[in-house]
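**Student:** Before I ask anything, let me first share the structure, which is written out below as structure tokens.
Coordinate-derived values only; no laboratory data. Please read these numbers as outputs of a predicted model, since none were measured by experiment. When we count neighbours, we look across all protein chains shown, and the Cβ atoms used for this are built from the backbone with ideal geometry, even at glycine.
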Amino acid sequence: MQRAVKESGLEYVIFRPSFVFGADGGVLPTFVRQIRLSPIVAVIGSGTRRQQPVWVDDVAAHFVAALELPEAANRTFELGGPEQLTLNDLYLRIAAVLGKRRALVHVPARIARAGARLTEWIPGSPLRDAPE
């Protein structure tokens, strides 16, 4: 998709944010709910891939700045917050903030995808109406 945009001949700015989070949405509230309610937390994959969580308002500020800066044209920007951490680190930090001790169980992505396909048909499932 990005190559098609770059080869289109149109002026563009591409943003590639890391893990985006905000107070009212995204996946972070789901992580908090998992830790709050379950003694065992399922982590998809090894949980060791490094990410740089970035606040949604910071991402929005970069979008606005790109509209006003001619130097942003025809460039790609990697967006990330100031700190690199793994998904394991993130879950454990949330647990610490909530005062919870939680076991992390790693689920291979292949198995998680199969489970998601099965549960997306359940009425009320958060995966049922998720965008593809």
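**Student:** Along the Cα→Cβ direction, 7 angstrom out, place labels at V97 and R110. What is the inter-label distance in nm?
**Tutor:** About 3.5 nm separates the two model spin labels.
**Student:** In addition: Amide H to amide H under 5 Å from V13: which residues, 5+ apart in sequence or cross-chain, H placed 1.01 Å off N in plane?
**Tutor:** So V13 has HN proximity to N74.
**Student:** Then there's this: Using only Cα atoms, tell me the angle between helix 28-37 and the longest principal axis of the chain; keep it within 0 to 90° and round to the nearest 10.
**Tutor:** Tilt of helix 28-37: around 10 degrees.
**Student:** In whole Å, how far is the Cα centre of region 23-51 from that of region 61-92?
**Tutor:** Region 23-51 and region 61-92 have Cα centres spaced 21 Å from each other.
**Student:** Same structure again: What per residue convex hull volume, in Å³, comes out for region 1-77 when only alpha-carbon positions are used?
**Tutor:** Taking the convex hull of the Cα positions in region 1-77, it is 120 Å³ per residue.
**Student:** Then there is this: If Lys and Arg each add +1 and Asp and Glu each add -1, what is the summed charge of the other residues whose beta carbon sits under 14 Å from the beta carbon of A109?
**Tutor:** Net charge in that neighbourhood comes out at +4.
**Student:** Additional query: Percent relative contact order of the chain, based on C-alpha pairs within less than 8 angstrom and at least six residues apart?
**Tutor:** 33 percent
**Student:** I would also like to ask the following. Search the structure for amide H atoms under 5 Å from the amide H of T86, placed 1.01 Å from N in the peptide plane, and list their residues when 5 or more places away or on another chain.
**Tutor:** Under 5 Å from the amide H of T86 lie the amide H atoms of Q51, each far enough along the sequence or on another chain.
**Student:** Which far-off residues, 5 or more places away or on another chain, put their amide H under 5 Å from the one on I44, with H placed in the peptide plane?
**Tutor:** When sequence neighbours closer than 5 places are left aside, the close amide H contacts are V107.
**Student:** What is the dipole size for the chain, taken about its Cα centre, with +1 at each Lys and Arg Cβ and -1 at each Asp and Glu Cβ, in debye to the nearest 20?
**Tutor:** 900 debye
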